[in-house]
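Bear in mind that the values in this text are calculations on the coordinates, not laboratory data. Remember, it's a predicted structure, so these values are computed and weren't measured experimentally. A quick note on method: Cβ atoms are made from the backbone with ideal geometry, for glycine too, and the neighbour counts reach across all protein chains shown.
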């Protein structure tokens, strides 16, 4: 599990095609990479990946065809900036919201406009996900926990404070860029519970 509070910004250092799957090498950049372990989980632009090898300032992880088809990882170029977060520990503060690292869909940046010292970002959302996104609810965009300011059937808007822009890959994200979206876990479970009630008549 993750919190959606980005711990560092790294970069895609390379990729190796392995029979349809891809092995990614990620430069850790500003991420505190103290005492890494094989098998630990790291969210890369919101995608939970398993560390299979590492050095002093990099790690490698395999991305399956499923992951490549459902996220933006397959289309990233070498050098692309990446939001990084190591898995949370039981003692950590939950500064954002509970994030699984399982991407629900890919959205797109529609607009960025200045709003005093902050920025307003509007994202296009797949129709199948729009119903889970509510005003003042939580959404994870490229691994960043954000609060929804406005939402409609096709898009949603968030506000990014200067700190968020400066300390995430949003500083290099342009209008038109694809982004990974993970809906709030609460919305997913509420729907499942309501569906189960409807099926049983309870």
I want to check the label-to-label distance for residue 69 and residue 115. Put each point 7 Å from Cα in the C-beta direction and report it in nm to one decimal.
3.7 nm
Modelling each spin label as a point 7 Å along the Cα-to-Cβ direction, I'd like the residue 194/residue 77 distance in nm, to one decimal.
4.3 nm
Footprinting proxy, 34, 78, 57, 184: sorted fewest to most Cβ within 10 Å, the residues are 34, 78, 57, 184
Among 116, 159, 128, which one shows the highest mean-square fluctuation when the chain is modelled as a Gaussian network with alpha-carbon springs under 10 Å?
116
If I build a Gaussian network model for the chain, linking alpha-carbon pairs within less than 10 angstrom, which residue out of 96, 53, 20 has the largest mean-square fluctuation?
20
Treat the count of other C-beta atoms within 10 Å as a stand-in for reagent exposure and order 94, 38, 24 from fewest to most.
38, 94, 24
Relative contact order of the chain (C-alpha contacts under 8 Å, at least 6 apart) in percent is 23 percent
For segment 1-36 and segment 49-119, what is the separation of their C-alpha centers, rounded to whole Å?
8 Å
Nearest-ten-degree value, helix 185-200 long axis tilted from longest Cα axis of the chain:
50 degrees
Compute the length gained on full extension between residue 161 and residue 30: take 0.36 nm times their separation in residues and subtract their Cα-Cα distance, giving the result in nm to one decimal.
45.2 nm
If one builds a Gaussian network model of the chain from Cα atoms under 10 Å apart, the most fluctuating residue listed among 65, 173, 164 is 65
Given the Cα atoms of segment 8-86, and with Rh set as the inverse mean 1/r over their pairs in the Kirkwood sense, what is Rg to Rh to two decimals?
0.92
DSSP-defined beta bridges in segment 8-86 - what % are antiparallel, rounded to 5
95 percent
Can you sort 154, 122 so the residue with the fewest Cβ neighbours within 10 Å comes first?
154, 122
Plugging the Cβ-Cβ distance of residue 154 and residue 94 into 1/(1 + (r/R0)^6) at R0 = 25 Å yields, to the nearest 0.05, a FRET efficiency of 0.25
